[in-house]
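Notes follow once the structure below has been shown.
Quick note: the coordinates plus some simple rules give every number you see, no bench work behind them. Being a predicted model, the structure only gives us computed values, none of them experimental. All Cβ positions, even for glycine, are placed from backbone atoms using ideal geometry, and neighbour counts span all protein chains on display.
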Amino acid sequence: MPAKPTASSETSAAIPVLLAQFNALRGEIAERSKAQATFLSLAITALGALGSLGFSPSGDKRLLLLIPMVSVLLGLLWLDHAANISNLGDFIKDEIMPALRSSSGRSDLPDYEVFIRGYEVRPAVILRSFGLPPFLTFLLAPVVAMVLAFDAPVQNWVFWTMTGVDVALLVLCLAYWAPFLGGPRATKDDKGALKPPTGRGAPPTAFGPGDSHAG
């Protein structure tokens with residue numbers, strides 16, 4: 001008669017499952033971070049291409065009204081990845097790591113998701129990761145393009161329709177982006193998180209492949 005599995009053996013058997021989940025979640029975070037970098041590059045490329053067409057000698061400055069449409073849509077996708085990266089990190093911190101500590105019997109296992117919060121509560125890091133990059137690329141540049149488009153010689157119903165769509169998209173993007181300035185992953189429980197070292201070593205940003213929310 002086969003022996004009954006003991007509690008300790010069942011606990012040990014859970015470790016490979018937890019590690020597989022951990023690796024899968026970290027892999028998804030990395031992929032979403034790469035996608036964020038792609039969206040940023042596409043927005044900059046669209047800005048340059050449409051700007052060149054709008055300001056060319058034979059161009060139409062109404063083409064500049066396409067910049068907010070493209071930039072804001074890419075910006076919303078960028079922010080959506082940031083929010084999902086935040087959710088994935090929270091699941092690792094709140095579910096996977098406590099289960100790993102319990103299964104391994106090691107209460108001192110380090111947790112990067114806790115450590116990163118030591119950076120994300122810093123205003124300068126929030127501004128660098130979630131403030132300036134999306135603001136300049138997905139909000140400020142489209143607004144400047146809209147203002148310049150008003151120099152177009154023809155301002156018909158198409159012009160004003162596109163302007164209305166641009167304004168609506170910008171307001172939507174602004175409303176979605178503003179909460180990130182509070183630190184999307186800095187919760188009350190993280191205020192006492194492990195403090196980051198001073199000196200050398202820059203904190204991860206929204207564009208790093210490892211853990212950004214910005215990725």
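Computed from label points 7 Å out along Cα-Cβ, the spacing between V154 and Y112 is 5.4 nm. Between L140 and F91, the FRET efficiency from the beta-carbon distance, with R0 = 35 Å, is close to 0.55. Rounded to the nearest whole Hz, the Karplus-based 3J(HN,Hα) values (6.51 cos²θ - 1.76 cosθ + 1.60, θ = phi - 60°) of the stretch 78-86 follow the sequence 4, 5, 4, 5, 4, 5, 5, 4, 4, with x at glycine and proline. The phi-based Karplus calculation (6.51 cos²θ - 1.76 cosθ + 1.60; θ = phi - 60°) puts the 3J(HN,Hα) values of the stretch 47-56 at 4, x, 5, 5, x, 5, 5, x, 9, 5 Hz, whole numbers, x for Gly and Pro. A simple spin-label model places pseudo-atoms 7 Å from Cα toward Cβ; at I44 and F22 they are separated by 3.5 nm.
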